Structure formats: structure tokens, C-alpha cells
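*Asks:* Let me give you the structure first, and then I'll get to my questions.
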């Protein structure tokens, strides 16, 4: 039997988990770190048509990011830069090709689903040989493997990608390597004409015990943990939306959902009142306490 979920109940749930009440807005990097730990993973800024908490909205409420660089909400930019490389969270372009924070407690589950299987000194070469990694990404990875952390300007120069015509290839390579949890920003350098450039390092060099932590988690366990964490944040969502955000095949998303339904953590026969289509929902959302 289909269970109806009132939209106002879902809105109230997200108002709480997205930290939208003024009295709960984040006011320090410490509070920001605590928010990421509670939510598991969030966007840095809100992304259109994608439902997930963001550091911006948790700090200034439910409004978009303005072009005004003096907006008080941009204090979040400073927090993000201040905490890079401090082993507070994992930051990078890892979700929906957008910048996000992942708690260190949940990071092993994401890493367990990445195409990183064994030796970080040779895996990338195997991927390149198989046509799964671009020459630019291979060269950037090799530079970081050889030299350790480097700022983005140095990486471009040493990888032979300094020309304006190479910018898109360089940025695509950085994006690919971040989404595959191979590299991550670990600081900011006073480099270049803008006196601002990310410093990158290999994930396995910066977090040496991550591989061992991830090795104890199989793919099914990792997906269950990630999807359950996601539903704890959003309350209810269309299954295809969840799969799109997490870049899972529809069948994989359905299997993971069914596993959590079987364990009584999710409900999959739910409809939001006055809307068509079914959603998957956190079982706890139907309880009085959010």
C-alpha cells in the first residue's frame, strides 16, 4: 500500500537537516566541520535541480549565491580554504562535478567505490593503458606522485599545459582525478596573477590509511552506507535522482534501495501528496521527531 508523505512534513524535515533556521546558521569553521560530520556529505554551494545540503545554505539560509563578493555569506569561502589539508573533511570536485565536502568517517565508503584497487604507484598506469585515463590526467598524477603537493600553476607548467588552448584539457584532467578520488586540494598558494591557486596532492599521500580503511568495505556495504546517509539528509527522493547524484547505474541504485528496505531503514512505496510518481523515503521521517 502506498504511503502518502505530506509535502509540508518533508519541507520541515529538510529545513532541519539543511540547517536553514537563522538560530542554527553556522558561525565558525568548527561549526562547519560539525555540520559536515552530521550530514556525511554536502555541497559547498547549492546546485540547481540537485537536492543536497550545502555549506552556503547552512550558513545564510535558503537563498542563492550572489555575485556580490562582499556578501557576508562568503565567509564560507574562508572556512573552506582555512580547513584545506587539516584532515577535517575531504574537499574536492567529487559529486555531480561540483565541489563538495565529505566527512572523514564516510570517505572510506566513497573510496571503496572508486577505481583505485591496489598500488597507487601503478594503478593509474594500468588505467591509462586501458584507455580509462587521459594523457593529461596521467601526467598530472605522475607529477604529484614524484614531487608531492604542487600548486595548480606549477602542475600546468610541468605537465606542458600552460597555453590558453590547453586550459580545458587541464581542468578536465583535474576534475577526473578528483572525481576518482586520486587527487585533492590540500591548501592554497599565493601564486599567479590572482595570488590564489589550489595546492593538490594525491589522496593516498595525504590520507595514508584511507586505502586500508576502504579495503574492509565491500561495494554493497559502501553503497548502503552512502544512500542511507543521503536519505538521512533529504528525507525522501526519487530513486533516479539519487542514482544520478551518486553516478550509479539504475539497477545498482534499485538493489541498494531494496537492501535498505529489507532492513527496515527505507520505504520505497511512498508518494508525496499531490505529486505523481513514487519516491524512496527514510523510515524515520514518518516519526514525530525529525
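The values are calculated or read from the model by the stated rules, or taken from the named source; none is laboratory data. Bear in mind the structure is a predicted one, so any value in this text is a computation, not a measurement. FYI the Cβ positions are ideal-geometry reconstructions off the backbone, even for glycines, and counts take in every protein chain you see.
*Asks:* Might you let me know whether segment 246-254 holds any residue that is surrounded by fewer than 17 Cβ atoms within 10 Å (Cβ to Cβ) and touching a strand residue (DSSP E or B) at 6+ places or on another chain (Cβ under 8 Å)?
*Replies:* no
*Asks:* Of the residues 239, 275, which single one is modelled with pLDDT under 95 and exposed (fewer than 13 other Cβ atoms within 10 Å of the Cβ)? If you could, list the steps in order and put the result at the bottom.
*Replies:* Details: 239 fails: exposed (fewer than 13 other Cβ atoms within 10 Å of the Cβ).
Sole residue among the options that is modelled with pLDDT under 95 and exposed (fewer than 13 other Cβ atoms within 10 Å of the Cβ): 275.
*Asks:* For residue 93, all conditions in the list (1) farther than 26 Å from residue 189 by Cβ; (2) within 20 Å of the chain's Cα centre (by Cα); (3) not in a helix (DSSP H, G or I) hold save one; what is the number of the exception?
*Replies:* Just one mismatch for residue 93, condition (1).
*Asks:* Further question: Of the residues 191, 142, 159, 167, only one is in contact with a strand residue (DSSP E or B) (Cβ under 6 Å, 6 or more places away or on another chain) and more than 30 Å from residue 223 (Cβ to Cβ); which? Steps first, please.
*Replies:* Values: 142 fails: in contact with a strand residue (DSSP E or B) (Cβ under 6 Å, 6 or more places away or on another chain); 159 fails: in contact with a strand residue (DSSP E or B) (Cβ under 6 Å, 6 or more places away or on another chain); 167 fails: in contact with a strand residue (DSSP E or B) (Cβ under 6 Å, 6 or more places away or on another chain).
Of the residues listed, the single one that is in contact with a strand residue (DSSP E or B) (Cβ under 6 Å, 6 or more places away or on another chain) and more than 30 Å from residue 223 (Cβ to Cβ) is 191.
For (1) assigned by TED's automatic domain parsing to the domain that holds residue 237; (2) part of a helix (DSSP H, G or I); (3) modelled with pLDDT of 95 or more, each residue gets a yes or a no:
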site: 48; (1), (2), (3): yes, no, no
site: 59; (1), (2), (3): yes, yes, yes
site: 62; (1), (2), (3): yes, no, no
site: 68; (1), (2), (3): yes, no, no
site: 73; (1), (2), (3): yes, yes, no
site: 87; (1), (2), (3): yes, no, yes
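*Asks:* Sticking with this one: Residues that are in contact (Cβ under 8 Å) with a residue 40 or more places away in the chain and farther than 26 Å from residue 115 by Cβ: which helices (runs of 4 or more DSSP H) entirely in segment 219-290 hold 1 or more of them?
*Replies:* Details: elements: 219-234, 239-246, 250-262.
So the answer is 219-234.
*Asks:* For segment 168-207, what are the residues that are at pLDDT below 95 and either under 14 Å from residue 137 (Cα atoms) or surrounded by 19 or more Cβ atoms within 10 Å (Cβ to Cβ) (or both)?
*Replies:* 197
*Asks:* It is to be established whether one or more residues within segment 211-224 are surrounded by 20 or more Cβ atoms within 10 Å (Cβ to Cβ) and either more than 21 Å from residue 90 (Cβ to Cβ) or in contact with a strand residue (DSSP E or B) (Cβ under 8 Å, 6 or more places away or on another chain) (or both).
*Replies:* Among the residues of segment 211-224, not one is surrounded by 20 or more Cβ atoms within 10 Å (Cβ to Cβ) and either more than 21 Å from residue 90 (Cβ to Cβ) or in contact with a strand residue (DSSP E or B) (Cβ under 8 Å, 6 or more places away or on another chain) (or both), which makes the answer no.
*Asks:* Just give me the residues in segment 101-150 being in contact with a helix residue (DSSP H, G or I) (Cβ under 9 Å, 6 or more places away or on another chain), in a helix (DSSP H, G or I) and free of Cβ contacts under 8 Å to residues at least 12 places away in the same chain, in sequence order.
*Replies:* 128, 135, 147
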